[in-house]
Structures are given as structure tokens and as C-alpha cells.
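Written out below as C-alpha cells is the structure these notes cover.
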Amino acid sequence: MIQWVRSVLGFEEVSGKRTVLGNPVPLDLKDAQHVHNSDKRLKLLQTLCNQYKGTPHELKINQVYEKTKNIHTYLVDQKKATALEIFHLQNTDHFINTFALIRATHGKNKVPKTATIAADEDNTGNVVIGRAGQSSSYTRAYKAPRTNINATHIPAAGLAIPAIAIDTFSRINYVRFDASGDQSSYEIGFTSSYQDKEYFLATIATRIGLYKPDITYVGNTQVLLPDTSGSSQAGYVPVINWRGSMYAVSLSDYRLFPVRINRNNT
């Protein structure tokens, strides 16, 4: 298992035997926070195991939990708390958010079952009386008559992808789930740290349903994006690169709008 973890995380094998004398060196505050957050993620994975018990996803979630726990133990023993945090950012957070969102969406979409009565029709389209002597009434779907319309030729409208400029100073607030499972507000900008960008990409991938390794964060830009009511309002939005194409992300409803970088600095 240790060899597998080292191959995944890129650690080199250390030859020889080492003996540690004296008391163990305590972790600094930053590393201690990483270990604490890792413990919370393990608890969340264990909660998912209980919530998905008896479902087709039970085996997969249990395997992820066991492997994550082994990686946690190994990296903590090796005093590699930063590598542990990066591992969770690239893998665990997206996994937890995805299955938590699936469960939340499934709970909202539950529709109460209603009793339906099947009715047969004869060749004339009338409702046939059931065996119990009771007729089944229902509303027939209306079929509109077909009409042939000779449409005149209308020239097709041309579409153009808007050109944008990346603002390297702006920062945008967005909401994401933290390690404890609570929703909190965070900032993202061109100069944000690598970990902050990974957190943001994990949130975007979960919300939109993208594969996280396929997207990268480009920066922020100011554009006019239409909302669901049809109106447009100027504001700063993040821009991501998804498989070679760039998109502006609406954080209000998580829709993607294709854009391109303006290369003319005039």
C-alpha cells in the first residue's frame, strides 16, 4: 500500500533504515490545521458511507474511504501535511461535494407516488368500461392538425464570440462547502494562491458537472451576462479553460458562456 501511495504522489523510495530518537517533533500551526481538516474530511466520507449504505455506490465509497484513511495515516507519519492537503484538494473535496450534491438533489426531486388508473379504448376512441363496472375517466391529449406552411427564405443570423480582457486585480466572492460541510464565502482572483484556485475549480466542477482535471482557472473579466429573466447586467465573472476553450461562468446559475481573449492591445 505504501509503494502504491508513493507512486501516486511521486515520492521517491528512501533506502536504508532510519531511527528517530527522543520525542516526536510537533507540527506547526499550518500543518496542524491541514491534519485537522483531513480528519474532518474522513468523517464526511464516513458519513457518506452511512448515507449510501444499501445503494449501488456503497462499495465504491467504502473503498475510497479506506484508501483515503491509509493515505492520511501515511502522510501524517511522514510529516507531509502540505502534500496531504493538496491530495484532498485534487481528489477528496470533489468526491465529497459530488456525492453530497447527488444526495441533496435526489431528496429535492422526490415526487409523491399517485395512483393511476389505466383505461383502454376501442376503435372509436371511447373509454372502455372496466371489469368492475366502473369507467375510467382521463384527459385525452389534443392532437393539432398538420398544416403545410411555405416559409420564405430568411438569412441566418451571424454569431460572434465576445472578446474579453482578463483583469488581474479584481477578486470575486463565491460560495463553497468547506471541510466541515458548511457553506462559506471565499474570494478568487488572478493572484490567488494555488490552493485557493484548486478549491474554486472543485466547486465549479461539482456545480456544473465537469471533470475537474479538464478545467483550469484563467482569471476574472467584466462582461454583460444575461440572467434567467432576460435582462443583462455588467459585472465581474470568472473565466475557465475547458479542454482548450474559454468560458465565462455565471455564478448566479452556473451557466457557461463562450468567450475569447482580446489579443489586440489598442
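Read-outs: derived from the displayed coordinates by stated rules, not from any lab. Computed from a prediction, not measured in an experiment: that's the story for all the values here. Because the Cβ atoms are built from the backbone with ideal geometry, glycine has one as well, and the counts that use them run over all protein chains shown.
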(message) Give me the dipole magnitude in Debye, nearest 20, for region 163-261 about the Cα centre, with unit charges on the beta carbon: positive for Lys and Arg, negative for Asp and Glu.
(response) 280
(message) Under 13 Å from a point placed 7 Å out from the Cα of residue 104 along the Cα-to-Cβ direction: which residues of region 192-209 have their backbone N that close?
(response) 203-204, 206-208
(request) Could you tell me which of the pairs 40/60; 30/60; 60/197; 53/80; 43/79 are separated by over 25 angstrom between their Cα atoms in the structure shown? (result) 30/60; 60/197; 53/80
(message) For a quick check of your reading of the filter: which chymotrypsin sites (Phe, Trp or Tyr not before Pro) in region 168-220 sit in a DSSP loop and have no more than 10 other Cβ atoms within 10 Å?
(response) 169, 211
(request) Project the alpha carbons of region 163-261 onto their principal axes and report the range along each, largest first, in whole Å. (result) 37, 28, 26
(request) Rank the residues 192, 232 as a footprinting-exposure proxy: fewest other Cβ atoms within 10 Å of their Cβ go first. (result) 232, 192
